[in-house]
Amino acid sequence: MTNPKRAPRKAEVFESQCVACGCCVKVCPLGAIAIDRGIKAVVDKAKCVGCGKCAKECPASVIEIQEVTA
Ligand code: SF4
Ligand code: SF4
């Protein structure tokens, strides 16, 4: 059963620590994450469903899945 009040979850990248390896891009089933100018990963929040696959794959552990309350 789904709870309609549950806040949506989105991936958040700590960009300053991203090494732009691209692992997250490869595993995202929705194409919601991309490497910006070859230096850092950016998440398209409109596409991201917060599945957490990117966070699991990130070798630098710089992706966190956060609840979006706004
Ligand atoms: S949490 Fe899931 S949908 Fe969102 S960017 Fe990561 S892999 Fe893609
Ligand atoms: S997997 Fe992690 S370090 Fe690699 S590009 Fe994605 S966010 Fe950056």
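How do the pairs read when you match residues in the range 54-65 that are more than 8 Å from ligand 2 (Cβ to nearest atom) with residues anywhere that are in a strand (DSSP E or B) and not polar (S, T, N, Q), using Cβ under 6 Å and keeping only pairs 6 or more apart or on different chains?
55/63; 55/65; 64/12; 65/9; 65/11
Only one of these is modelled with pLDDT of 95 or more, within 14 Å of ligand 1 (Cβ to nearest atom) and open to solvent by 60 Å² or more (accessible area, probe 1.4 Å): 40, 56. Name it.
56
Any residue that is open to solvent by 60 Å² or more (accessible area, probe 1.4 Å) and in contact (Cβ under 8 Å) with a residue 60 or more places away in the chain - is there at least one of those in the range 7-18?
Taking every residue of the range 7-18 in turn, at least one turns out to be open to solvent by 60 Å² or more (accessible area, probe 1.4 Å) and in contact (Cβ under 8 Å) with a residue 60 or more places away in the chain.
The values are calculated or read from the model by the stated rules, or taken from the named source; none is laboratory data. Please read these numbers as outputs of a predicted model, since none were measured by experiment. Note that we place each Cβ from the backbone using ideal geometry, even for glycine, and neighbour counts take in every protein chain shown. Accessible surface areas use protein heavy atoms only, side chains included; no ligands, DNA or RNA. Shrake-Rupley method; radii C 1.70, N 1.55, O 1.52, S 1.80 Å.
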